[in-house]
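Remarks on the structure that follows.
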Amino acid sequence: MSNFKSDILWRVYLVYFLVAFFAILIVAKVFYIQFVEGDKWRDALNETNLRYAELDATRGDIFSTGGNLLATSVPVYEIRMDMSPVVIPDELFYSKVDSLAANLAFLFGDRTKGHYRNILINGRENQERYLLIRRNVTYSELNQLRNFPLFRRGRFGGGLIVEESLRREMPYKNLAARTIGYERGGYYVGLEGAYRDYLEGQKGKRLMQRTGGGNWIPVNDKNKIEPRNGNDIVTTLNINIQDVVDNSLRNQLRRYDADYGSVVVMEVATGKVRAISNLTLTDNGNYQELYNYAVGESIEPGSTFKLASMLVALEEGIVTPGELINTGEGSIDYADRTMHDAEEDGFGTISVQNAFEVSSNVGISKIIYEHYKNDPQSYIDKIKALGLGDKLGLEIRGEGNPFIKDAGSSGWSGVSLPWMSIGYGVSFTPLQILSLYNAVANDGIMVKPMFVEEVRQTGKKIRNFDTQVINNRLASGQTIKKLNDMLVGVVKNGTAKNINTEAYQIAGKTGTAQVADTKFGYRRVSGVYYNASFVGYFPVDNPKYSMIVNIHNPKGWIYTGSQVAAPVFREVADKIFASQMNLPSKDFKTPSLAYYPSFRAGNYNDISKIYQHFGCYAENKPESQWVSAQARKDTVIFRDREFIQNLVPNVVGMSLKDALYILENAGMEVRFSGKGIVRRQSIRPGLRIKPGNVIVLELS
């Protein structure tokens, strides 16, 4: 028996000592981890649950030359909520949840009160520390939200978490949008990309902690390193000229159902781009800024390139403007191809000046071919020496490559030289061609187009950008004067005489290039189409602005540069001249507009003031306050518009202001949609007005 007890006690003691030994080991290990390795494991925990997040700096603003805001960063907010009972006690939460849900539903209008209540209740039950309430909240909405139940108690009393971010906005929307630029997937285009280093600023940092749900929330502002905001840039763009250019181009593109087009207005002496518009027809039938054709599209210029050929010929003394040249019956053979003039029966024997004015392909090509056929590279080298062989070096990314084929290179043939002389077999961007014409206007000095005038930091100028000269002597002064006279002749006597005006002189050249099945910029155009263009400058006696207009693939029978592109040039030039040159009305001996608009209906006083401003005179004075107006040359004929009492008036063609005045005075309630003039009215004119009639106006 004693042996049995001894055996049991031995086993009990053994177990006791083993348990005690392991307990001592555990305590020792805990002590070792806590006091010896404590810092190591605490650092590891912090690395897992704490991190520094970058804070974006406020990107600098982009301004027009007159101080108009073209692009800015607008703060938007993400609203979240800490649903922990430690932050919001149960009694407080459940007493305020209904009113909070009602306020959120009323403010945002995207969900019902019940929906918001379910979100809040579910978040509470799951004790979410970072519950999403709403994204893209504006500053004014945030100010209202801070006064809501629970939220008015702040972060640690009501669980409100506000995350700020920045969204880029363009106040003028589509105006010069592709040139101003934007960000897509971390890549910036336009001026946003070209001047990114100035605009971007320096990012800050903030300590973030990971919650149980895996979300990261800011710890506190003590660890926050504030970002340094970016600098502002002042562009060369003039918002008034830009608006005129955009509207004129858009209207002409719509008129001819064209695929796309571009217009650039540049200041002659400085190269400052005052307006640039690039519009593309989208699938929904609207025109938007999708690709910067003026900068990036390198295409055959057609007849606008004849200026370069004539410059070389005049500078070399090959011909003089008064020299006669036989253009025959409008065609000439070069190797295996026949070149034609636009005039079916030809121009016969005419002067070199006249050949340029009427844009004779035969005349210009004969001048170049007969002199350079044995040494075509000499002609090519002279063209390149003008500055046309290289890019302009624009700050904006994506400038198209100029292309001038060398003699003897692959594809060179017996037809290459004559066709090159009239603008085929070479390619340039609109800005590259404009720079050539601008140099003629600038006494032979070619300057680089510029888009930014200065950089500012908190309103103070920190850098100024000066005009850069590309070629300080394009040709002799005598040659430049002859070219200027030729360009004036194109408008006074030649292919662009439809835009001639005695109010001021325009110099320029039309171009109608035939292009086949090629991808340009944003679009691919299949088959054969025309690129209508006009490039020139004004006023000739003291050139202030140069401009190029390109319209691609106009539909229908009208497609030439003189008919499609030149009227846009004239309309823009008229409005710039009228607004900036400030000449008295007596100086306008011919209409300053390309054509005077007629008005279907409007207030006599308003319409007559518009006509008087442009020197158009009334043939008669109406008896009624409301009139229609028909313009004929430099006079306008007014006709009375009568409205019969108790009958629905005809307000189609009126401005919304005038239509509202007439309809509401007639006792009708008005609803409307759209912008512009009245295009359609829901109740037919002449019907008797009934009490409570509601009429809907559709504006164009």
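Setting aside same-chain residues fewer than 8 positions from Lys113, which aspartates and glutamates have a Cα under 14 Å from its Cα?
Candidates past the 8-residue exclusion: Asp98.
For Leu69 and Ser409, FRET efficiency with R0 = 51 Å and r from the beta-carbon atoms, rounded to 0.05?
On the way: r = 49 Å, r/R0 = 0.97.
For Ser409 and Leu69, the calculated efficiency is 0.55.
Hey, fewest Cβ within 10 Å first, where do Lys272, Lys405, Lys509 land in order? Display every interim value, and only then the final one.
Details: Lys272 23, Lys405 17, Lys509 30.
Ordered by Cβ neighbours within 10 Å, fewest first: Lys405, Lys272, Lys509.
For every other residue with a beta carbon closer than 12 angstrom to the beta carbon of Pro321, add +1 if it is Lys or Arg and -1 if Asp or Glu, then tell me the sum. Provide the component values of the computation, followed by the final result.
Numbers: positive: Lys481, Lys482; negative: Glu323, Glu357, Asp485.
With Lys, Arg at +1 and Asp, Glu at -1, the neighbours total -1.
Could you let me know the centre-to-centre spacing of the range 190-209 and the range 114-144, using Cα atoms, in angstrom?
30 Å
Does the range 385-463 come out rounded, prolate or oblate, given a ≥ b ≥ c as the square roots of the eigenvalues of its C-alpha gyration tensor, rounded meaning a/c under 1.5 and, failing that, prolate meaning a/b above b/c?
Numbers: a/c = 4.11, a/b = 2.42, b/c = 1.70.
It is prolate, given that a/c is not under 1.5 and a/b is the larger ratio.
Please compare each pair in Lys384/Lys448; Lys405/Lys509; Lys306/Lys405; Lys306/Lys492; Lys405/Lys481; Lys544/Lys575 to a cut-off of 21 Å on the Cα-Cα distance and tell me which ones are over it. Walk me through the intermediate numbers first.
Details: Lys384/Lys448 16 Å; Lys405/Lys509 23 Å; Lys306/Lys405 16 Å; Lys306/Lys492 18 Å; Lys405/Lys481 29 Å; Lys544/Lys575 14 Å.
Cα-Cα > 21 Å for Lys405/Lys509; Lys405/Lys481; rest within.
What's the local net charge at Ala102, with K and R +1, D and E -1, over the other residues with C-beta under 12 Å away? The partial results should precede the final answer.
Details: positive: Lys96, Arg111, Lys113, Arg117; negative: Asp98.
Around Ala102, the surrounding residues sum to +3.
Highest first, please rank the peptides 661-668, 544-551, 226-233 by the mean number of other Cβ atoms sitting within 10 Å of their residues. Please report the intermediate quantities before stating the final value.
Numbers: 661-668: 16.6, 544-551: 27.4, 226-233: 19.2.
The peptides rank, most packed first, as 544-551, 226-233, 661-668.
Under unit Cβ charges (Lys, Arg +1; Asp, Glu -1), what dipole magnitude, rounded to 20 debye, does the range 384-499 have relative to its Cα centre?
Working: 14 positive and 9 negative charges, 40 e Å.
Here the size comes out at about 200 debye.
Using a Förster distance of 51 angstrom, determine the FRET efficiency expected from the C-beta separation of Thr270 and Glu642, and round it to 0.05. Could you put the intermediate results ahead of the total?
On the way: r = 55 Å, r/R0 = 1.07.
That gives a FRET efficiency of 0.40.
Which of Phe156, Phe148, Phe643 comes first, and how do the rest follow, when ranked by fewest Cβ neighbours within 10 Å?
Going from sparsest to densest Cβ surroundings: Phe156, Phe643, Phe148.
If you rank Glu289, Glu399, Glu344 by fewest surrounding Cβ atoms within 10 Å, what's the result?
Numbers: Glu289 23, Glu399 19, Glu344 9.
Ordered from fewest to most neighbouring Cβ atoms within 10 Å, Glu289, Glu399, Glu344 come out as Glu344, Glu399, Glu289.
Placing unit charges on C-beta atoms (Lys and Arg positive, Asp and Glu negative, everything else neutral), compute the dipole magnitude of the range 656-699 about its Cα centre in debye, rounded to 20. Write out the running numbers ahead of the final one.
On the way: 8 positive and 4 negative charges, 34 e Å.
That gives a dipole near 160 debye.
State the Cα centre-to-centre distance between the range 467-506 and the range 401-423 in whole Å.
So the separation of the two Cα centres works out to 26 Å.
Each reported figure results from applying straightforward, stated rules to the coordinates on display, with no laboratory input. Nothing here was measured: the structure is a model prediction, and the numbers come from that model. Because the Cβ atoms are built from the backbone with ideal geometry, glycine has one as well, and the counts that use them run over all protein chains shown.
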